[in-house]
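All remarks here apply to the structure that follows.
The values are calculated or read from the model by the stated rules, or taken from the named source; none is laboratory data. Owing to the predicted nature of the structure, the values given are computational and were not obtained by experimental measurement. Cβ: placed from backbone, ideal geometry, glycine included. Neighbour counts: every protein chain shown. In case anyone asks, the SASA skips ligands and DNA or RNA and just uses the protein heavy atoms, side chains included. Shrake-Rupley method; radii C 1.70, N 1.55, O 1.52, S 1.80 Å.
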Amino acid sequence: MPELHNFAASSIAGREMRRWLESLRLMAGTLGPRRPFLSSLTELLRMLASRHDFLRAHLVLFEPETGLLRLCLADTPPRASHDEYTPGVGVTGQVFATGKPVIVEKMQGHPLFLSLLFERSEEELRTLSFVSVPILAPAGSGAALSPGEVIGTLNADTRFLSREDLELRCLFLQVVAALIANEAAYLQEEMARRHRLPLREEEGTDDTADGKEERHLFIGQSKVMRHILELAARMAQGRAPVLLRGEPGVGKERLAFRIHAGSPRRDMPLLTCHCGALAPEHQDAELCGYQKGAFLGASQTRKGIFEQANLGTLFLDAVECLTLPAQRALLRLLQEHEVTRMGAGDAPVKADVRIIAASGANLEELAERGAFLPELLARLEISCLHIPPLRERREDIIPLAEHMLRRYAAEQRGEGIKRISYPALELLSRYYWPGNISELKSCLLRAAQYSEDQVIRAGDLPPSLQTAESSATEAGLSLGDAVTRFEKELLVDALIKAGGNMLKAARDLKSSYRIVNYKVKKYGIDPHQFTFRNGQQ
């Protein structure tokens with residue numbers, strides 16, 4: 001019967017091999033240059049667990065800024081207090097240092113197996129094996145590292161059947177590690193970006209769905225802003241660079257997030273670079289990157305900001321702060337879709353990036369003085385939007401104030417400001433706002449701290465908003481004027497709560513629609529300015 005036994009064994013081996021190959025086909029389908037690398041890697045780790053019973057599959061990548069190996073992704077929650085290794089220490093450290101895979105047949109008692117990242121029971125330590133394989137930098141002109149350089153490890157626990165089975169599983173993980181090399185390199189660059197570059201996400205947002213929606217939310221009730229938002233929606237569908245112009249604090253960065261969110265690149269990263277935060281002497285290195293040995297201290301090849309934004313969108317704030325060499329590099333990126341790293345000679349690297357630039361400066365005057373390249377200005381102005389200051393779109397002041405206070409109330413878990421009094425609204429609407437939306441936000445947060453009854457009143461606002469007319473107290477008014485002011489305040493408060501719906505406001509005031517409509521017209525109140533409270537835009 002040896003022949004039958006061999007036939008059965010070969011049949012089982014054949015089915016197992018088909019399962020491995022089918023898994024590799026599925027994994028290859030989850031990866032790709034236009035797929036979000038983080039979700040692709042997460043799905044791949046889940047597939048290792050569901051299809052091949054790998055436990056605690058995880059990625060550990062080298063962090064050049066700290067010189068440590070850091071846990072970046074896992075299908076099982078790690079220990080809260082341990083997420084890093086020193087190269088050369090433990091199994092993971094050895095694999096990184098040598099570039100060779102390691103198989104631990106039994107975890108318990110193994111001299112290199114430290115079991116720092118995950119909780120494992122005593123039984124698991126006695127019965128499970130551990131496999132760690134190196135992840136090598138991908139080949140190709142776009143790689144920031146030398147091809148074949150170790151950038152991290154792919155690790156997993158597995159049940160022990162035989163040494164032969166473990167070697168097959170190790171070989172399978174090596175193939176998987178080769179498949180995910182590009183995605184792992186992107187993840188390593190994301191780690192480096194958070195350490196090295198003056199790039200940040202929109203202030204006050206998080207990674208939740210609500211946070212992502214908030215990031216590109218732009219409050220615009222005025223006619224001019226509705227027109228700008230319509231133009232921005234059309235520009236979002238194109239490939240041309242966009243130039244956003246306007247005073248500081250008008251919302252250029254938020255509009256850039258909105259354009260990216262409405263573009264075909266919405267699933268790819270949007271990076272933000274504040275050009276004014278880049279030291280002039282380092283702009284070329286930061287934007288274009290550099291090769292290992294390009295200058296003293298260049299111990300490793302680095303991608304620049306332009307390359308990091310490949311396939312996505314790059315928002316360049318204060319673009320007028322770029323030096324002329326950096327402007328030429330940006331112009332080349334726009335014209336040729338390529339960059340050259342420092343120390344790379346004439347070896348350009350392709351970079352497909354959508355540029356959104358912003359400036360509050362007079363770029364035409366800078367171009368006349370020779371401080372800004374006319375060719376670059378002409379290229380950026382292909383699609384240009386001018387965001388007017390807040391004083392020129394006063395219809396947006398109250399909706400913006402309402403939105404900011406709702407956010408403040410949410411952060412305070414419902415204990416924030418409930419409403420703004422009518423006299424305070426009048427002050428907000430009349431003020432010049434030289435600092436635009438940023439100043440409005442600071443003003444409201446300050447007023448919220450001074451408020452004693454969850455209502456922002458005129459006296460809670462900064463002195464810069466107070467005038468002789470607006471700071472008059474109730475006692476100094478005639479009876480008729482005091483009644484009029486109180487009635488207007490009640491009407492505005494009801495309209496705010498009703499989102500501008502006069503019928504609902506009339507019900508809340510226990511009055512008729514006819515009377516409310518009459519009073520609204522009498523006092524010159526525009527109910528439409530309060531419609532944003534119900535989420536309309």
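Within region 490-513, being open to solvent by 40 Å² or more (accessible area, probe 1.4 Å) and not in a helix (DSSP H, G or I) holds for ASN501, LEU509, LYS510, SER511, SER512. Checked against the criteria, GLU452 does not count as of a type in the set (Asp, Glu), open to solvent by 10 Å² or more (accessible area, probe 1.4 Å) and part of a helix (DSSP H, G or I). Inside region 306-315, residues that are surrounded by fewer than 24 Cβ atoms within 10 Å (Cβ to Cβ) and touching a residue at least 60 places away in the same chain (Cβ under 8 Å) make up a count of 3.
Scanning region 1-33 for residues that are over 13 Å from ARG51 (Cα atoms) and either at pLDDT 75 or above or touching a Cys at 6+ places or on another chain (Cβ under 9 Å) (or both) returns ALA28, GLY29.
Annotation: of all residues in region 325-340 being open to solvent by less than 30 Å² (accessible area, probe 1.4 Å) and out of contact with any strand residue (DSSP E or B) (no Cβ under 7 Å at 6 or more places or on another chain), the one that is farthest from GLU375 (Cα to Cα) is ALA326.
Could you list all residues from region 258-286 that are small (Gly, Ala, Ser) and touching a residue at least 12 places away in the same chain (Cβ under 8 Å)? Result: ALA261, GLY262, SER263, GLY276, ALA277, ALA285.
State whether one or more residues within region 157-167 are surrounded by 15 or more Cβ atoms within 10 Å (Cβ to Cβ), part of a strand (DSSP E or B), at pLDDT 90 or above and not aliphatic (A, V, I, L, M). Looking for residues that are surrounded by 15 or more Cβ atoms within 10 Å (Cβ to Cβ), part of a strand (DSSP E or B), at pLDDT 90 or above and not aliphatic (A, V, I, L, M), one finds at least one in region 157-167, hence yes.
Count of region 341-355 residues, restricted to those that are touching a helix residue (DSSP H, G or I) at 6+ places or on another chain (Cβ under 8 Å), over 19 Å from CYS275 (Cβ atoms) and open to solvent by 40 Å² or more (accessible area, probe 1.4 Å), is 1. Restricting GLY416, GLY459, GLY480 to those that are at pLDDT below 85, surrounded by 14 or more Cβ atoms within 10 Å (Cβ to Cβ) and more than 33 Å from the chain's Cα centre (by Cα) reduces the list to GLY459.
Considering only residues that are assigned to a loop (DSSP other than H, G, I, E, B) and modelled with pLDDT under 80, look in region 462-471 and name the one that is nearest to LEU405 (Cα to Cα). Spell out the reasoning first.
Step one: list which residues in region 462-471 are assigned to a loop (DSSP other than H, G, I, E, B), which gives 462, 466-471.
From what's left, modelled with pLDDT under 80: 466-471.
Numbers: GLN466: 20, THR467: 24, ALA468: 27, GLU469: 26, SER470: 22, SER471: 23 Å.
Top of the filtered list is GLN466.
When the strands (runs of 3 or more DSSP E) confined to region 40-154 are screened for residues that are basic (Lys, Arg), open to solvent by 20 Å² or more (accessible area, probe 1.4 Å) and at pLDDT below 90, those reaching at least 1 such residues are found at 68-74. The numbered conditions (1) out of contact with any Leu (no Cβ under 6 Å at 6 or more places or on another chain); (2) within 27 Å of MET235 (Cβ to Cβ) are all true for CYS275 except (1).
Being at pLDDT below 80, under 30 Å from ALA347 (Cβ atoms) and touching a helix residue (DSSP H, G or I) at 6+ places or on another chain (Cβ under 8 Å), is that true of even one residue in region 199-211?
Just the residues of region 199-211 that are at pLDDT below 80, to begin with: 199-211.
Within this subset, residues satisfying the condition of being under 30 Å from ALA347 (Cβ atoms) are 199.
Applying the additional criterion that residues be touching a helix residue (DSSP H, G or I) at 6+ places or on another chain (Cβ under 8 Å) yields 199.
Looking for residues that are at pLDDT below 80, under 30 Å from ALA347 (Cβ atoms) and touching a helix residue (DSSP H, G or I) at 6+ places or on another chain (Cβ under 8 Å), one finds at least one in region 199-211, hence yes.
Figure legend. Inter-residue proximity from region 424-441: first residues crowded, with 20+ Cβ neighbours inside 10 Å, second residues of a type in the set (Lys, Arg) and assigned to a loop (DSSP other than H, G, I, E, B), beta-carbon distance below 8 Å, spacing 6+ or different chains. Indicated pairs: ALA424/ARG457.
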